[in-house]
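Here is the structure we will look at, set down as structure tokens.
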Amino acid sequence: MTVCASIRRRACLLLVFCLVSGPHTLCGQALETSARPAPSDAQPASTRLSLVRVFSSADDVRHLHPILNRTLDIIAGAADPVTRVDALKSPSAVATDSTHRVFVADPGAQAVHVFDFIHSKYGLLDKDGERLHAPVALSADGQDNLYVVDQGSRMVLVYDSAGKFRRYVGKLRGGESYFDTPTAIAIDKTGGRIYVCDRQRHMVFIMDHEGRLIRKLGKRGAGDGPGEFRFPGQLVVSGGELFVLDSGNVRIQVFDTAGKFLRAIKLTQVDQRAGLAVDKQGNIYVSDAALNQIQVFRSDGQTLYSFDKGAVKGADFSGPSGMWVDADGTLYVVDSQNSRVEVFHMRGENPAE
């Protein structure tokens, strides 16, 4: 009886030790953790962000210029009152160039919309509709050439800063595409490399500025190891690092621009509609269309804050998807359910603030 009592006592002590040692260890064995909760001194989104504008059509850049509106109508013809070609229909991605023009990929309209708020101009890329069929993602390089991922042709189309088509990336002889299901693109403006995310092949392709393959990340059939993906959905180049939203593995993987694996950030949940953006401080933005919110993490995975339509005055997005952070620290969010884009100023990005 004395021996049994001693065994029971030791077992109880061991159980107590395991319980009080915290959620990150269990009897000396480390457990994988997801993104950590926000620190207690985290500032609310309302003190970090302010809504700048919301736009959904050419009216939002022309409304202060009725003469310009009339001139454009004479040149292009008055817009159809029922089916407008100058309004967002089902936007999926947004990007800007060095002149602050805003480009919105809109597969529902089979178009890329160009908004120039500085000069109060609006236009359509490839307005004749000869090449773009289902544009879903885009990015600009250091010379303001625009790269557009078109899932209709399964290729990347390149346009110069004047909007003239220049070439394809991923087009093989006979008109076939090198990609299966391209979903996202990022450009390293310093090194000139092109990164294309292919969801169904579970790969990320690294190419030079001419579109020649340098390296493949991932493997066919998917995987969950470092440098392997399961239905990757988005990618971003920022601060000399490549961030890949590895949707099927519910994580973000971070590489250097040559493709060397650096670290992974585990998320609590993510779906194929999620957007990804990274600011100059390395903070990571992940949109969640299902929860109707945007989560913000530090580069090490520490949760900073999250916000929904009620957290920032004037914000009223529903189903946030594609995102973009420009060089000035402005956050663009595709409000997919409302067919518009919401623009936020990120306080603290300006050194004077």
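Below are the figures for this structure:
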quantity: Unique residue being surrounded by 22 or more Cβ atoms within 10 Å (Cβ to Cβ) and either among the aromatic types (Phe, Trp, Tyr) or closer than 21 Å to Asp150 by Cβ (or both) when the list is Phe261, Phe243, Phe231; calculated: Phe243
quantity: Residue check for Phe205: touching a residue at least 12 places away in the same chain (Cβ under 8 Å), within 15 Å of Gly259 (Cα to Cα), open to solvent by less than 40 Å² (accessible area, probe 1.4 Å) and among the aromatic types (Phe, Trp, Tyr); calculated: yes
quantity: Criterion: of a type in the set (A, V, I, L, M, F, W, C) and either open to solvent by 60 Å² or more (accessible area, probe 1.4 Å) or touching a residue at least 60 places away in the same chain (Cβ under 8 Å) (or both) - qualifying residue of Ala162, Ala186, Ala140; calculated: Ala162
quantity: Tally, over segment 103-128, of residues that are open to solvent by 40 Å² or more (accessible area, probe 1.4 Å) and on the phi > 0 side of the Ramachandran plot; calculated: 1
quantity: When residues of segment 272-284 are limited to those that are within 18 Å of Phe231 (Cα to Cα) and open to solvent by 30 Å² or more (accessible area, probe 1.4 Å), the one modelled with the highest pLDDT; calculated: Arg273
quantity: Hits in segment 285-320 (condition: modelled with pLDDT under 95, of a type in the set (Gly, Ala, Ser) and open to solvent by less than 20 Å² (accessible area, probe 1.4 Å)); calculated: Ala289, Gly301, Ala315, Gly319
quantity: Residues that are touching a Gly at 6+ places or on another chain (Cβ under 6 Å) and within 16 Å of Gly191 (Cα to Cα), drawn from segment 228-256; calculated: Gly239
quantity: Candidate set from segment 264-319 (those that are among the β-branched types (Val, Ile, Thr) and touching a Lys or Arg at 6+ places or on another chain (Cβ under 7 Å)); member that is farthest from Ser339 (Cα to Cα); calculated: Ile265
quantity: Segment 290-336, residues that are of a type in the set (Phe, Trp, Tyr) and not in a strand (DSSP E or B); calculated: Phe317
quantity: Residue in segment 111-127 that is modelled with pLDDT under 95, touching a Gly at 6+ places or on another chain (Cβ under 7 Å) and basic (Lys, Arg) present; calculated: no
quantity: Complete set of residues in segment 201-222 that are of a type in the set (Gly, Ala, Ser) and at pLDDT below 95; calculated: Gly211, Gly221, Ala222
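Yes/no per residue for (1) within 21 Å of Asp326 (Cβ to Cβ); (2) in a loop (DSSP other than H, G, I, E, B):
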residue	(1), (2)
Thr190	yes, yes
Gln200	no, yes
Phe205	no, no
Ala222	no, yes
Val244	yes, no
Gly248	no, no
Gln269	no, yes
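The values are calculated or read from the model by the stated rules, or taken from the named source; none is laboratory data. Because the structure is predicted, anything quoted here is derived from the model rather than measured. Ideal geometry is used to build each Cβ from the backbone, glycine not excepted, and the neighbour counts take in all protein chains shown. The area values use the complete protein model at the heavy-atom level, side chains included, leaving out ligands, DNA and RNA. Shrake-Rupley method; radii C 1.70, N 1.55, O 1.52, S 1.80 Å.
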